[in-house]
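**Student:** Attaching a single structure in structure tokens format; questions to follow.
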Amino acid sequence: MEKHSIYEPFGVDLDLVQGILREPDNHLIRKASSMKGHYADAKALDDLIHQGDPLHYEVFEKEVPQAYGHLMFGISKLQPGTVNGECFMTKGHYHAIPETAEVYLCLCGKGYMLMKTTEGECRAEYMERGRIVYVPPYWAHRSVNVGSEPLTTLFIYPADAGHNYGDIEQEGFPKRIYLRHGKVEIV
Ligand SMILES: O=P(O)(O)OC[C@H]1O[C@](O)(CO)[C@@H](O)[C@@H]1O
Ligand SMILES: [Fe+2]
């Protein structure tokens, strides 16, 4: 019989007030300057960068083997704000193994999971505290914060899935989400 390598079980704590994972192994920080090329108004993003390059989003993860069978999980915390009306968002990615899915549980804030395929299909799934979004295989995904507090989500996906920025940096997503006079517009 094949011998399995046995990995130690563990538990972690969430700080549900701050919306962060306590004692993460990895803490990814993306500021406004990481988002060049992603917003419709590049000049407005440049202005924001020159005004102090504010924090855009953070990802807190526990280290698990990036191997088949393991699950990667963590917390994504996306700040509220807009770039000339376009809501703060994550870069978005496909998975490097495209036939892998991902689940997001929204813990606080309000926003959308924007998803697209390489064929140009695009969907926006609403997120608020308590809502779960399923990102099926082959869909690129980006979180968008339309609220006034951080959009915090727990994500879980196959640990070997990897990230692929594919056509996103050149083409973006077919839809953009704006906040104008307090109203959300998906265009
Ligand atoms: O690639 P993006 O869109 O910047 O998002 C980064 C983060 O998103 C996650 O896939 C979780 O949503 C993390 O694994 C990753 O570090
Ligand atoms: Fe993902």
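**Student:** Based only on other Cβ atoms within 10 Å, what is the fewest-to-most ordering of PHE10, PHE88? Intermediate values should be presented prior to the final figure.
**Tutor:** On the way: PHE10 7, PHE88 27.
With the sparsest Cβ surroundings first, the list reads PHE10, PHE88.
**Student:** In angstroms, what radius of gyration and Dmax does the stretch 118-187 have, counting Cα atoms only?
**Tutor:** My reading of the Cα-based Rg and Dmax gives 13.6, 42 Å.
**Student:** Between the DSSP loop rule and a limit of at most 12 other Cβ atoms within 10 Å, which trypsin sites (Lys or Arg not before Pro) in the stretch 72-112 are left?
**Tutor:** Values: sites: LYS77, LYS91, LYS110; in loops: LYS91.
Those that pass, being in a loop and sparsely packed, number zero.
**Student:** Once amide H atoms are built 1.01 Å from N in the peptide plane, which residues 5 or more positions from HIS56, or in another chain, come under 5 Å H to H?
**Tutor:** ARG30, LYS31, ALA32
**Student:** Moving on. Ratio of Rg to Rh for the stretch 59-163, alpha carbon only, Kirkwood?
**Tutor:** Values: Rg = 13.4 Å, Rh = 13.9 Å.
Value, to two decimals: 0.96.
**Student:** With Kirkwood's inverse mean 1/r over C-alpha pairs for Rh, give me the Rg to Rh ratio of the chain, two decimals please. Please list the in-between numbers first.
**Tutor:** Details: Rg = 16.8 Å, Rh = 17.2 Å.
That ratio equals 0.98.
**Student:** List the residues, sorted by chain then number, that are 5 or more residues from ARG131 or on another chain and whose placed amide H is less than 5 Å from its amide H.
**Tutor:** It is CYS106, by chain and number.
**Student:** If you don't mind, another one. Can you give the calculated 222 nm mean residue ellipticity of the chain, where each DSSP H run of n ≥ 4 adds -39,500 (n - 2.57) and the sum is split over every residue, rounded to the nearest 500 deg cm²/dmol?
**Tutor:** Details: 2 runs with 13 residues, N = 187.
Computed ellipticity for the chain at 222 nm equals -1500 deg cm²/dmol.
**Student:** Under a straight-distance cross-link criterion of Cα-Cα below 17 Å, which lysines are reachable from LYS116, leaving out those fewer than 8 residues away in the same chain?
**Tutor:** LYS91, LYS175
**Student:** Before anything else, pin down the relative contact order of the stretch 114-187: Cα pairs under 8 Å, at least 6 apart, normalised by residue count, whole percent. Write down the numbers at each step before the final one.
**Tutor:** Details: 56 pairs, mean separation 22.7, N = 74.
Once divided by the residue count of the stretch 114-187, the mean separation gives 31 percent.
**Student:** State the Cα centre-to-centre distance between the stretch 113-187 and the stretch 26-82 in whole Å.
**Tutor:** Using only Cα atoms, the two centres lie 13 Å from each other.
**Student:** Would you kindly state the longest site-free stretch of the chain, with sites defined as GluC sites (Glu not before Pro) in a DSSP loop (not H, G, I, E, B) surrounded by at most 15 other Cβ atoms within 10 Å?
**Tutor:** Details: sites that count: GLU2, GLU63, GLU99, GLU119, GLU121.
Result, exposed sites excluded: 122-187.
**Student:** Give, rounded to the nearest 20 debye, the magnitude of the charge dipole that the stretch 14-186 has about its Cα centre when Lys and Arg contribute +1 at Cβ and Asp and Glu contribute -1 at Cβ. Working shown, then result.
**Tutor:** Numbers: 18 positive and 23 negative charges, 103 e Å.
Magnitude of the dipole: close to 500 debye.
**Student:** Rank by packing, highest mean first: peptides 156-164, 23-31, 44-52, with packing defined as the count of other Cβ atoms within 10 Å averaged across residues. Spell out each step's value before the answer.
**Tutor:** Numbers: 156-164: 16.8, 23-31: 12.9, 44-52: 14.4.
Sorting 156-164, 23-31, 44-52 by mean packing, highest first, produces 156-164, 44-52, 23-31.
**Student:** Work out how much length ARG131 to GLU63 would gain on full extension: take 0.36 nm times their residue separation and subtract the Cα-Cα distance, in nm to one decimal. Don't skip to the end; give the middle numbers.
**Tutor:** Values: separation 68, 0.36 × 68 = 24.48 nm, distance 2.55 nm.
Answer, rounded to one decimal: 21.9 nm.
Values quoted throughout were computed directly from the atomic coordinates according to the rules given, and no laboratory measurement underlies them. Owing to the predicted nature of the structure, the values given are computational and were not obtained by experimental measurement. No Cβ is skipped: glycine too gets one built from the backbone with ideal geometry, and neighbour counts run over all protein chains shown.
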